[in-house]
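> I am attaching a structure below and will ask some questions about it afterwards.
Taken together, the values in this text are just the output of simple stated rules run on the coordinates, not laboratory data. In this text the structure is predicted, and so the values were computed from the model without any measurement. Neighbour counts are summed over all protein chains in view; Cβ atoms, including those assigned to glycine, are modelled from backbone coordinates with ideal geometry.
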Amino acid sequence: MKLYVSTDMEGVAGVTSWQQVDARTPHAEYAAYRRYYTQEVAAAVGGARRGGATSILINDSHGPMRNLLFDELPADVRVIFGNRKPFSMVQDAQGFDGAFFIGYHGGIGDADAVLCHTYTPSIMYEVRINGTICSEATINAALLGAYGIPLLYVTGDRTTVEGITHTMPWVRGTIVKESIGNFSANTMSPAAARERIESDAAEALANAPHAKPFTFEPPITLDLALAKTEQADYLQLIPGFLRTGPRSVRFVDDDMQTVFKAFVACFRLGALA
């Protein structure tokens with residue numbers, strides 16, 4: 001079993017504020033929560049090993065994407081480290097038998113989801129694919145699905161986990177906290193979260209034969225509602241994009257890889273508007 005692990009930080013137990021997860025203007029708490037984040041990832045790897053995973057690639061996918069503490073990870077994993085990856089949170093995901101999403105969070109607009117956003121909240125107000133409102137987890141799972149890779153396991157708050165397991169009922173989920181709005185939560189302790197994650201990750205691997213890739217049927221229509229009209233002014237200039245409203249654009253293609261690259265171009269280039 002070759003396993004791909006995409007990791008984020010907002011869904012880690014105890015996280016309730018941007019200061020806890022911001023590596024670029026580090027708060028005193030960031031060092032502690034960076035460690036908790038790494039330990040949850042390591043727990044998922046431990047459970048996956050117990051469940052039969054033989055090869056594991058971890059993609060540090062939070063913020064600047066260089067948060068994980070290498071000396072607290074198992075020595076036999078490989079890690080994608082660093083930002084500006086063409087496929088971002090699911091870079092180099094081809095050729096795997098299954099995937100884990102660790103520390104994931106709700107999509108922008110979700111109620112009761114700590115620090116909810118979808119990739120770049122200063123740009124993305126809403127993301128839809130084929131009419132379905134998408135979180136980061138949905139979009140990323142769809143790209144994996146295009147490669148034939150099923151999502152097996154997700155951790156985060158209740159809103160995030162239940163949103164994914166409702167759409168993909170074969171996915172095993174671990175709820176590490178109950179969000180109370182956007183900036184507070186009733187949370188497990190880091191130690192309890194690690195124990196639960198390791199156990200549930202092993203069960204997720206055991207259930208892998210019943211999992212299936214999540215896909216959108218072509219033609220795949222990406223609709224973006226942007227935060228500002230000037231972002232739509234700018235993004236409509238990209239070939240293939242259609243302006244659909246004062247601050248909205250659309251992109252259509254039969255290939256999910258192409259749609260995903262167009263999405264990445266939007267949140268990168270939209271920041272320049």
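> Counting only residues that are polar (S, T, N, Q) and assigned to a strand (DSSP E or B), which one in the range 1-20 is nearest to residue 157 (Cα to Cα)?
In the first step, residues of the range 1-20 are kept if they are polar (S, T, N, Q); the result is 6-7, 16-17, 19-20.
From what's left, assigned to a strand (DSSP E or B): 6-7.
Details: 6: 16, 7: 14 Å.
Out of the qualifying residues, it is 7.
> Right, next: Within the range 177-194, can you find the residues that are over 20 Å from residue 118 (Cα atoms), out of contact with any Phe, Trp or Tyr (no Cβ under 9 Å at 6 or more places or on another chain) and surrounded by 14 or more Cβ atoms within 10 Å (Cβ to Cβ)?
187, 188 - these are the residues of the range 177-194 that are over 20 Å from residue 118 (Cα atoms), out of contact with any Phe, Trp or Tyr (no Cβ under 9 Å at 6 or more places or on another chain) and surrounded by 14 or more Cβ atoms within 10 Å (Cβ to Cβ).
> Please verify whether the range 12-33 includes one or more residues that are under 24 Å from residue 88 (Cβ atoms), crowded, with 20+ Cβ neighbours inside 10 Å and among the acidic types (Asp, Glu).
No, there is no match, as no residue in the range 12-33 is under 24 Å from residue 88 (Cβ atoms), crowded, with 20+ Cβ neighbours inside 10 Å and among the acidic types (Asp, Glu).
> Residues of the range 117-159 being closer than 23 Å to residue 227 by Cα, hydrophobic (A, V, I, L, M, F, W, C) and assigned to a helix (DSSP H, G or I), which ones?
137, 139
> Okay, moving on. Is there a residue being among the β-branched types (Val, Ile, Thr) and within 22 Å of the chain's Cα centre (by Cα) anywhere in the range 202-218?
Yes, because at least one residue in the range 202-218 is among the β-branched types (Val, Ile, Thr) and within 22 Å of the chain's Cα centre (by Cα).
> Could you give me the residue pairs with C-beta distances under 7 Å whose first residue belongs to the range 261-273 and is closer than 16 Å to residue 233 by Cα and in contact (Cβ under 8 Å) with a residue 12 or more places away in the chain, whose second residue is among the β-branched types (Val, Ile, Thr) and surrounded by fewer than 17 Cβ atoms within 10 Å (Cβ to Cβ) wherever it lies, and which are 6+ apart or on separate chains?
Hits for this filter: 265/238; 267/120; 271/120.
> Could you pull out the residue among 5, 15 that is among the aliphatic types (A, V, I, L, M), farther than 23 Å from residue 77 by Cα and in contact (Cβ under 8 Å) with a residue 24 or more places away in the chain?
Just one listed residue meets the conditions, 15.
> Evaluate the following for residue 233: is it among the acidic types (Asp, Glu), more than 21 Å from the chain's Cα centre (by Cα) and either closer than 20 Å to residue 136 by Cα or surrounded by fewer than 18 Cβ atoms within 10 Å (Cβ to Cβ) (or both)?
Yes, satisfied.
> Which one of these is closer than 20 Å to residue 18 by Cβ, without any contact (Cβ under 8 Å) to a residue 24 or more places away in the chain and β-branched (Val, Ile, Thr): 165, 118, 155? Show your work before the answer.
On the way: 165 fails: closer than 20 Å to residue 18 by Cβ; 155 fails: without any contact (Cβ under 8 Å) to a residue 24 or more places away in the chain.
Exactly one residue qualifies, and that residue is 118.
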